[in-house]
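The values are calculated or read from the model by the stated rules, or taken from the named source; none is laboratory data. Predicted, not measured: the structure shown is a model, and the values here were computed from it. Here Cβ is always computed from backbone atoms with ideal geometry, including for glycine, and neighbour counts include all displayed protein chains. We work out accessible area using only protein heavy atoms, side chains counted, and drop any ligands, DNA or RNA first. Shrake-Rupley method; radii C 1.70, N 1.55, O 1.52, S 1.80 Å.
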Amino acid sequence: MDIVTPRTAPVRGIYALVAALAFAHPALANAPRGIAFTHEDWELACDNTRTCRAAGYQSIADDDSGDDAAPGKTLPVSVLLTRKAGPDQPVSSEIHVGHYGEDDAEVPPGRSLNMRIDGKPAGQVVLPQGKWFTALAPAQTAALLPALLRRSTIEWTEGRRTWRLSDKGAAAVLLKMDEFRGRLGTPGALVRKGSKDERTVLPAVPAPVVVAGKVAPVDQPVDLSASNLASLRKALAASVGDNCPAMAEAGGEPDSVSLQRLSQGTLLASATCWMGAAGTGEAYWTVNERPPFAPRLVSTMGTDYADGKISASGSGGGYDCMHIDEWTWDGKRFIQTEKGTTGMCRGIDMGGGWSLPVLVTDVRRGR
């Protein structure tokens, strides 16, 4: 996976490690790699099937505190643009209204917002009862797309309340979307249209199939001698160096490492890696049951393990955004089978406004 921001090279370090782990599996080796790109108030996530999702938000300058009911106060809002890969694919759009402090049950049936672009009516958006998000009509999407490429005022109003979408960064994000799927210069390009044959656009790619391997029953014992356990812990600490400060703080206590059997001869080891305001991160390794243990790091950001799956989900900087990762045991190793975020931290919803994956797979149970 490549993480790209304007005027910078792809981020290395942990993302390079994740990419190497994720694409080591034969099913993923030749698959396209997803990208994530952020500029101003917009972000892009294109996954390995070449489906792209672009999300825009209210201006960060308008994201201030104060009385939400005050006249003219701009409230948190996000729009998601989704486009699958391949020729002649349409763009669909959704709106998600920020609603901190309001319960889902408070949304009355048929709640209607007036959409306006540069002061001109663009139809109404009706929120379903109990929901703060809904699809925009095709005509509204068609009016929205060109407005995002220029300085525009895009807003939804309800009485005294206004939700205003920023156009800052949209052109760069939509250009990157076109570039990722080979759309530049085609009639269906969003930014740089041209006469290039639409059939030259890169096709969609099926999600890679990963067959989940059998995992040993949880009650199967793991019996290591005290000396072997101490050696294992030393090998684990050496494999992560300074990246797991909590392991150093725990000293050399062998009981700070948890072990579960994965298969005959292979164990899953875990230990608290770091602790902070955003929560606690667990490190996970696969290791040989007997020396040499040869630890193979899966993640230093884990939050849970169950039935052959390691999960890593946590705050992306606030309670209104998260990163989501998952690894699946295939009988020989852990393969990353999910990676993404829930969008920027802009006050849209607890946990985030959208699902923005850069890696998707089709995980199937082995027989």
Note down the nm distance, to one decimal, between modelled labels 7 Å out along Cα→Cβ at Val209 and at Val126.
-> 4.3 nm
Measure off 7 Å from each Cα along the Cα-to-Cβ vector at Arg296 and Asn228, then give the distance between these two points in nanometres to one decimal.
-> 1.9 nm
With a ≥ b ≥ c the root eigenvalues of the C-alpha gyration tensor of region 228-367, is it rounded (a/c under 1.5), prolate (a/b larger than b/c) or oblate?
-> oblate
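Compare Asp349, Asp304, Asp47, Asp223 by solvent-accessible area with a 1.4 Å probe and give them largest first, with all protein chains kept in place.
On the way: Asp349 40, Asp304 75, Asp47 5, Asp223 120 Å².
Order by accessible area, largest first: Asp223, Asp304, Asp349, Asp47.
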Stretched fully, the stretch from Ala248 through Asp118 gains (0.36 nm per residue minus C-alpha distance, one decimal, in nm) 41.0 nm
Compactness summary of the chain: radius of gyration and Dmax from Cα atoms, Å, are 23.6, 75
In square angstrom, rounded to the nearest 10, how much accessible surface does Ser92 have for a 1.4 Å probe?
-> 60 Å²
Between Ala216 and Lys193, the two model label points (7 Å from Cα along the beta-carbon direction) sit apart by a distance in nm of 6.3 nm
Based on Cβ point charges of +1 for Lys and Arg and -1 for Asp and Glu, what charge dipole magnitude is obtained for the chain about its Cα centre, in debye rounded to the nearest 20?
-> 1520 debye
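Greater than 23 Å separation of Cα atoms is the criterion. Which listed pairs, Lys84/Lys120; Lys168/Lys193; Lys84/Lys339; Lys309/Lys332; Lys214/Lys309, meet it?
Lys84/Lys120
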How do Lys309, Lys168 rank by accessible surface area computed with a 1.4 Å probe, from largest to smallest?
-> Lys168, Lys309
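Excluding ligands, DNA and RNA, what is the solvent-accessible area per residue of the chain at a probe of 1.4 Å, expressed in Å²? List each step's numbers first, then the result.
Numbers: 17390 Å² over 367 residues.
Result: 47 Å² per residue.
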